Amino acid sequence: MFTLPHNTIAYLYKEAIDMRLGMFRLQGVIAQQLSQPMTKGCFFLFINKPHTLLKAVWFDGTGLCLFCKRLE
């Protein structure tokens, strides 16, 4: 188990996203459509159209982390 730092900023992407996208394609969505740089401590959340999957991209300072959660 891991914990996020207390100063973590979370961004939620409002549009439904294709869950076949990997972390590098999601990083492109963040850079182009959200106009946000991948800085340490930022957390980006994406959800699919039926709201059954959630993906999170987090830059921890050493690299990208991709998390996926099935919502039931």
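The values are calculated or read from the model by the stated rules, or taken from the named source; none is laboratory data. This is a predicted model, so every value here is computed, not measured. Every residue, glycine among them, receives a Cβ derived from its backbone with ideal geometry; neighbour counts consider all protein chains shown. Accessible surface is based on the protein model in full, side chains and every heavy atom, while ligands, DNA and RNA are left aside. Shrake-Rupley method; radii C 1.70, N 1.55, O 1.52, S 1.80 Å.
Any chance you could count how many residues in segment 17-51 are under 15 Å from Arg70 (Cα atoms) and open to solvent by 60 Å² or more (accessible area, probe 1.4 Å)? Before you say what the answer is, go through the steps one by one.
The first filter runs over segment 17-51 and keeps only residues under 15 Å from Arg70 (Cα atoms), leaving 17-20, 45-51.
Filter again for open to solvent by 60 Å² or more (accessible area, probe 1.4 Å), leaving 18, 20, 49-51.
Of the residues in segment 17-51, 5 are under 15 Å from Arg70 (Cα atoms) and open to solvent by 60 Å² or more (accessible area, probe 1.4 Å).
What number of residues within segment 1-15 satisfy the criterion of being open to solvent by less than 60 Å² (accessible area, probe 1.4 Å) and outside any loop (DSSP other than H, G, I, E, B)?
Qualifying residue count for the region: 1.
Look at segment 52-66 and say how many of its residues are in contact with a Lys or Arg (Cβ under 8 Å, 6 or more places away or on another chain), without any contact (Cβ under 8 Å) to a residue 24 or more places away in the chain and either open to solvent by less than 20 Å² (accessible area, probe 1.4 Å) or within 19 Å of Leu4 (Cα to Cα) (or both).
Residues flagged as in contact with a Lys or Arg (Cβ under 8 Å, 6 or more places away or on another chain), without any contact (Cβ under 8 Å) to a residue 24 or more places away in the chain and either open to solvent by less than 20 Å² (accessible area, probe 1.4 Å) or within 19 Å of Leu4 (Cα to Cα) (or both) within segment 52-66 amount to 5.
Kindly list the number of the only condition in (1) within 20 Å of Thr62 (Cβ to Cβ); (2) part of a loop (DSSP other than H, G, I, E, B); (3) free of Cβ contacts under 8 Å to residues at least 24 places away in the same chain that fails for Leu34.
Single failed check for Leu34: (1).
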